[in-house]
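Asker: Pasting a structure here, questions to come.
The values are calculated or read from the model by the stated rules, or taken from the named source; none is laboratory data. Source: prediction; values computed, not measured. With ideal geometry, Cβ positions are generated from the backbone for all residues, glycine too; neighbour counts draw on all protein chains shown.
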Amino acid sequence: MSQLSTEVVAKKQMTERKRMWKHIRKYKALYIMSIPGILYFFIFKYVPMAGSIIAFQDYNIFAGFTDSPWVGFQHFIAMFDNPDIFNIIKNTFVISFYDIIFNFPASIILALLLNELRVVLYKRVIQTIVYMPHFLSWVIISGLFMTILSPSNGIVNSFIEWMGFDHIYFFGSEQYTRPILISSGVWQSIGWGTIIYLAALSGINPELYEAAEVDGANRWQQTMKITLPSLLPTITILFLLQIGQFLDFGFERVYTFLNPLNGGTGHIIDTYIYEVGLQSAQYSLTTAMGLFKSLIGLFLLFIANFLSRKATGNSLY
């Protein structure tokens, strides 16, 4: 009986193997096209993960991985012994939370508004304009915001003084650091997210809208009953991907806006890693911080994915 079961399992595995190779031969062009992407992630994402062992060593660049002494969790303990670390983690959580609250829905709202435009040329022009900031570096974006918010000749302060109020030194006060970081992020990325949602909107069957219109549904009802439910899988995937990068707010996005006057509410884990790791050459400590950040992001992704699968039926896996 056991021999018969083994033969059945072997035949089943052979059939599945033949089906897999048949599928690969059929779509071999797509598999070949995916090779550069696979190599990119393997070389630049998976191979560098081996460097995480530095977090458990007293790493010496001359001794290398093999000869550097092991110290266990000493660097993790030292990380939390730093009195500034809790303020830095708090800043990272708060800024990332605000980014999700304001930045993530902005692309959805703009895509819905553009989708309602009937003049195609006008729609394309607006879409191009809002997408252009995505190609600008954060150095240029920070320079633009510094010029616009300048206390001497910035357009915002000129308007404030025209209204009869005193000018505001936005980059010299900690209370404006987070709003500037979030608003600049919305301006830079809203066009990219809009393209993704417009692509998803183009895949909705127009017959659904025609049937709803026959039933007397107005545009708002069609949006709530057809558009948003159809966009829900795309929204869920992009939201889960952003949750996975919750603590990875971006070094350039923050560092270019910081100065000694506004760093109290702007310093995040990435900027701290740069200052301690590269400027002070404490590679093991900053690797421990990076590993801690990645583990927190992975944990949040698992939780969000589980809740999404229970609530909406959509998830990453």
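Asker: Is there a residue being assigned to a helix (DSSP H, G or I), over 30 Å from Ile268 (Cα atoms) and touching a residue at least 24 places away in the same chain (Cβ under 8 Å) anywhere in region 116-128?
Answerer: Yes: one or more hits.
Asker: Considering only region 116-131, state which residues are surrounded by 10 or more Cβ atoms within 10 Å (Cβ to Cβ) and over 19 Å from the mean Cα position of the chain (by Cα).
Answerer: Within region 116-131, Glu116, Leu117, Tyr122, Lys123, Arg124, Val125, Ile126, Gln127, Thr128, Ile129 qualify.
Asker: Just checking, which of Ile95, Ile126, Ile160, Ile155 is among the β-branched types (Val, Ile, Thr) and within 26 Å of Gly250 (Cα to Cα)?
Answerer: Being among the β-branched types (Val, Ile, Thr) and within 26 Å of Gly250 (Cα to Cα) holds for just one of Ile95, Ile126, Ile160, Ile155, which is Ile95.
Asker: Return yes when Ile35 is among the β-branched types (Val, Ile, Thr) and modelled with pLDDT of 85 or more and no when it is not.
Answerer: Taking the combined requirement at face value, the residue satisfies it.
Asker: Residue under question is Leu208, and the condition is that it be assigned to a helix (DSSP H, G or I) and either surrounded by 16 or more Cβ atoms within 10 Å (Cβ to Cβ) or modelled with pLDDT of 90 or more (or both); does it hold?
Answerer: Against the criterion (assigned to a helix (DSSP H, G or I) and either surrounded by 16 or more Cβ atoms within 10 Å (Cβ to Cβ) or modelled with pLDDT of 90 or more (or both)), Leu208 does not qualify.
Asker: Something else: Out of Ile100, Ile88, I need the residue that is at pLDDT 85 or above, under 18 Å from the mean Cα position of the chain (by Cα) and among the hydrophobic types (A, V, I, L, M, F, W, C). Which one?
Answerer: Answer to the selection: Ile100.
Asker: Return a yes/no flag: does region 135-150 have any residue that is touching a residue at least 24 places away in the same chain (Cβ under 8 Å) and touching a Gly at 6+ places or on another chain (Cβ under 6 Å).
Answerer: No, there is no match, as no residue in region 135-150 is touching a residue at least 24 places away in the same chain (Cβ under 8 Å) and touching a Gly at 6+ places or on another chain (Cβ under 6 Å).
Asker: So, one more: Run Pro83 past the list (1) touching a residue at least 24 places away in the same chain (Cβ under 8 Å); (2) not in a helix (DSSP H, G or I) and report the number of the one that doesn't hold.
Answerer: That leaves (1) as the condition not met.
Asker: List pairs: first residue in region 288-308 and more than 10 Å from Gly244 (Cα to Cα), second residue among the acidic types (Asp, Glu) anywhere in the structure, Cβ distance under 9 angstrom, at least six positions apart or on different chains.
Answerer: Gly290/Asp270; Lys293/Asp248; Lys293/Asp270
Asker: Keeping to region 27-58, report how many residues are surrounded by 10 or more Cβ atoms within 10 Å (Cβ to Cβ) and more than 26 Å from Gly72 (Cβ to Cβ).
Answerer: 11
Asker: Where in region 216-314 are there helices (runs of 4 or more DSSP H), lying fully within it, with 2 or more residues that are within 26 Å of Leu198 (Cα to Cα)?
Answerer: The helices (runs of 4 or more DSSP H) meeting that bar are 219-222, 228-244, 283-311.
Asker: Right, something else. Mind telling me which of the residues Ser52, Ser34, Ser68, Ser96 ends up being polar (S, T, N, Q), in contact with a Phe, Trp or Tyr (Cβ under 7 Å, 6 or more places away or on another chain) and either without any contact (Cβ under 8 Å) to a residue 60 or more places away in the chain or not assigned by TED's automatic domain parsing to the domain that holds Ile190 (or both)?
Answerer: Answer to the selection: Ser68.
Asker: With respect to Ser142, determine if the residue is of a type in the set (S, T, N, Q), surrounded by fewer than 18 Cβ atoms within 10 Å (Cβ to Cβ) and closer than 30 Å to Phe257 by Cβ.
Answerer: no
Asker: How many residues are surrounded by fewer than 16 Cβ atoms within 10 Å (Cβ to Cβ), under 23 Å from Leu110 (Cα atoms) and of a type in the set (A, V, I, L, M) when one looks only at region 145-194?
Answerer: Result for region 145-194: 0.
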